[in-house]
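The values are calculated or read from the model by the stated rules, or taken from the named source; none is laboratory data. Everything numeric here is computed off the predicted structure, so don't read it as measured data. Because the Cβ atoms are built from the backbone with ideal geometry, glycine has one as well, and the counts that use them run over all protein chains shown. Ligands, DNA and RNA are excluded from the accessible area calculation, which covers all protein heavy atoms including side chains. Shrake-Rupley method; radii C 1.70, N 1.55, O 1.52, S 1.80 Å.
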Amino acid sequence: MAELIASPEEVTREWLTEALQSSGLLGSVKSFEHRDIGTGQVGRCVRFELEVTGNLPSSVVGKFASDDPVSREAGVQRDCYSREVGFYSELAADLPIRRPACYFAAIDGRGPDHCLLLEDLAPAKQGDQLGGCSLAVAQEGVRQLAGLHAASWCRPGLEVFPWLGPTTSEAARHDLAQSHALRRHVTPGFVERYGDRLESDAIELVRRQTENVEKLDVACGLGLSQRSAEADDPPFSLVHGDFRLDNLLIDERDAAPTVAVVDWQTVRRGVPLSDLAYFLGASLTTEIRRQEEQSLFELYCSALSRRGVELPDHDLLWHEYRRGSFAGLSMAVIASMIVGQTERGDEMFLAMARRHARHVLDLGADALLA
């Protein structure tokens, strides 16, 4: 096993050779070049172009902690780094969702020092979070999401992976209390920073959600993993937690696009319908989402059924989908205020806040705050 290297500037050809060989590949790296890619807020992604012998790949993507100290601290406090390393090391191989192969994964405690070496899926390109995606891409994204959820639907034993989240009910309650406190702490700053660029009903919704955040919560952590998915309980599964276009690599060269999922820093146990609502609310323009939302919801349910999931009552699923529409608004408010501020980041968080607020209001989900 190669040693942990926490910065791309420290990488050597000898280390790359050892790290790639640790995954069972043969050969050596003779030389390499690297350059930054992507638009990550908490992580830093680097493409390594390699001159190799044997069956080593000619390029790989390395993922490290952000250089920004504020973002690095957020990554540690939110367990972003340990979740992603844990996912690739312990769960990814058994899940039917398209994602990069992982050649090397290591972390020092909870981070920030960590490193992943991942398959380079070029020429697939990062989705355009600001512009939105086509219906065909959204459909393939829904199918991939259903694969992740179906494989872990109400699956016992997920609590053995502590990096997924709290493993006791007491710890789950503590995490919820901290999350509520953080939301209340950052909302005034969010309103001050973005209030004059958002519609008044969106700002009012942000305030109302913060004031009533407990009403939207369901059991989490060990409580979720122990549920039996009876008629009155929401189903649980692994959830990506940030399933949107910035975290999808899309190849549209053929008539049917392919979608691969990256950035597993927020994977956890949760209610799967929140992933679906977050994806559709964030990744489609409001006009396309309004036209196609029902058909995409039905596509998701059909994909789960084809994978053997016994679905609960349709009304329960739709209720959880409506409640899940708040997830993206929470992400926009909290994430924007705990990572380093950038011009591109501001535009992304504004687009998310606008779309997710409109999504909540279109669904009448704001009634859940009453």
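Please verify whether Arg44 is modelled with pLDDT of 95 or more and open to solvent by less than 70 Å² (accessible area, probe 1.4 Å), treating the condition exactly as stated. Spell out how you get there, then give the answer.
Numbers: modelled with pLDDT of 95 or more: no; open to solvent by less than 70 Å² (accessible area, probe 1.4 Å): yes.
No, not satisfied.
What are the residues in segment 187-202 that are in a helix (DSSP H, G or I) and closer than 15 Å to Asp346 by Cβ, if any?
Restricting attention to segment 187-202, the residues satisfying the condition of being in a helix (DSSP H, G or I) are 187-197, 200-202.
Result: Gly189, Phe190, Val191, Glu192, Arg193, Tyr194, Gly195, Asp196, Arg197.
Which ones in segment 178-189 are within 25 Å of Val267 (Cβ to Cβ) and open to solvent by less than 80 Å² (accessible area, probe 1.4 Å)?
The answer is Ser179, His180, Ala181, Leu182, Arg183, Val186.
Of the residues that sit in segment 72-115 and are hydroxyl-bearing (Ser, Thr, Tyr) and either in contact with a Gly (Cβ under 8 Å, 6 or more places away or on another chain) or assigned to a strand (DSSP E or B) (or both), which one is most open to solvent (accessible area, probe 1.4 Å)?
Only one residue fits best here, namely Tyr103.
Collect the residues in segment 309-323 that are open to solvent by less than 60 Å² (accessible area, probe 1.4 Å) and over 20 Å from Asp366 (Cα atoms), keeping them in residue-number order. Write out each step before concluding.
Keep residues of segment 309-323 that are open to solvent by less than 60 Å² (accessible area, probe 1.4 Å), which gives 309, 311-312, 316-317, 320-323.
Val309, Leu311, Pro312 - these are the residues of segment 309-323 that are open to solvent by less than 60 Å² (accessible area, probe 1.4 Å) and over 20 Å from Asp366 (Cα atoms).
I'm trying to understand the selection: among the residues of segment 138-155, which are touching a strand residue (DSSP E or B) at 6+ places or on another chain (Cβ under 9 Å), part of a helix (DSSP H, G or I) and open to solvent by less than 30 Å² (accessible area, probe 1.4 Å)?
Glu140, Gly141, Gln144, Leu145, Leu148, His149, Ala150, listed by residue number.
Looking for something of a type in the set (Gly, Ala, Ser), in a helix (DSSP H, G or I) and surrounded by fewer than 14 Cβ atoms within 10 Å (Cβ to Cβ) - is there at least one such residue anywhere in segment 156-177?
Yes, segment 156-177 contains at least one residue that is of a type in the set (Gly, Ala, Ser), in a helix (DSSP H, G or I) and surrounded by fewer than 14 Cβ atoms within 10 Å (Cβ to Cβ).
If you check Arg208 against the conditions, is it charged (D, E, K, R) and in contact (Cβ under 8 Å) with a residue 12 or more places away in the chain?
Numbers: charged (D, E, K, R): yes; in contact (Cβ under 8 Å) with a residue 12 or more places away in the chain: yes.
Considered against the rule, which asks whether it is charged (D, E, K, R) and in contact (Cβ under 8 Å) with a residue 12 or more places away in the chain, Arg208 comes out as yes.
So which residues in segment 248-280 are open to solvent by 10 Å² or more (accessible area, probe 1.4 Å) and in a helix (DSSP H, G or I)?
If the condition is that a residue be open to solvent by 10 Å² or more (accessible area, probe 1.4 Å) and in a helix (DSSP H, G or I), then Ser274 is the only one that fits.
Out of segment 347-370, which residues are open to solvent by 20 Å² or more (accessible area, probe 1.4 Å) and in contact (Cβ under 8 Å) with a residue 40 or more places away in the chain? Spell out the reasoning first.
Start the filter on segment 347-370 by keeping residues that are open to solvent by 20 Å² or more (accessible area, probe 1.4 Å), which leaves 347, 354-355, 358, 361-364, 366-368, 370.
Answer for segment 347-370, where residues must be open to solvent by 20 Å² or more (accessible area, probe 1.4 Å) and in contact (Cβ under 8 Å) with a residue 40 or more places away in the chain: Glu347, Arg354, Arg355, Arg358, Leu361, Asp362, Leu363, Gly364, Asp366, Leu368.
Hey, can you tell me all the residues within segment 309-343 that are more than 15 Å from Leu276 (Cα to Cα), in contact (Cβ under 8 Å) with a residue 12 or more places away in the chain and among the acidic types (Asp, Glu)?
Correct list: Asp313 only.
Out of segment 9-39, which residues are open to solvent by less than 40 Å² (accessible area, probe 1.4 Å) and in a helix (DSSP H, G or I)?
Scanning segment 9-39 gives Trp15, Leu16, Thr17, Ala19, Leu20.
Does Asp196 meet the test of being open to solvent by 40 Å² or more (accessible area, probe 1.4 Å) and either closer than 23 Å to Gln341 by Cβ or aromatic (Phe, Trp, Tyr) (or both)?
Yes: the conditions hold for Asp196.
Could you figure out which of (1) in a loop (DSSP other than H, G, I, E, B); (2) touching a residue at least 40 places away in the same chain (Cβ under 8 Å); (3) among the aliphatic types (A, V, I, L, M); (4) open to solvent by less than 40 Å² (accessible area, probe 1.4 Å) isn't true of Leu56?
(2)
What is the number of the single condition among (1) touching a helix residue (DSSP H, G or I) at 6+ places or on another chain (Cβ under 6 Å); (2) under 15 Å from His114 (Cα atoms) that Pro96 does not meet?
Tallying (1) touching a helix residue (DSSP H, G or I) at 6+ places or on another chain (Cβ under 6 Å); (2) under 15 Å from His114 (Cα atoms), Pro96 fails exactly one: (2).
Is it the case that segment 324-331 has a residue that's within 28 Å of Pro166 (Cβ to Cβ), touching a Pro at 6+ places or on another chain (Cβ under 9 Å) and buried (at least 20 other Cβ atoms within 10 Å of the Cβ)? Please lay out each step first, then the result.
At the first step, the residues of segment 324-331 found to be within 28 Å of Pro166 (Cβ to Cβ) are 324-331.
If we keep only those that are touching a Pro at 6+ places or on another chain (Cβ under 9 Å) too, we end up with 324.
Pick out the ones that are also buried (at least 20 other Cβ atoms within 10 Å of the Cβ) and you get 324.
Among the residues of segment 324-331, at least one is within 28 Å of Pro166 (Cβ to Cβ), touching a Pro at 6+ places or on another chain (Cβ under 9 Å) and buried (at least 20 other Cβ atoms within 10 Å of the Cβ), which makes the answer yes.
Only one of (1) more than 19 Å from Gly308 (Cα to Cα); (2) modelled with pLDDT of 95 or more; (3) open to solvent by 30 Å² or more (accessible area, probe 1.4 Å) fails for Leu118. Which number is that?
(3)
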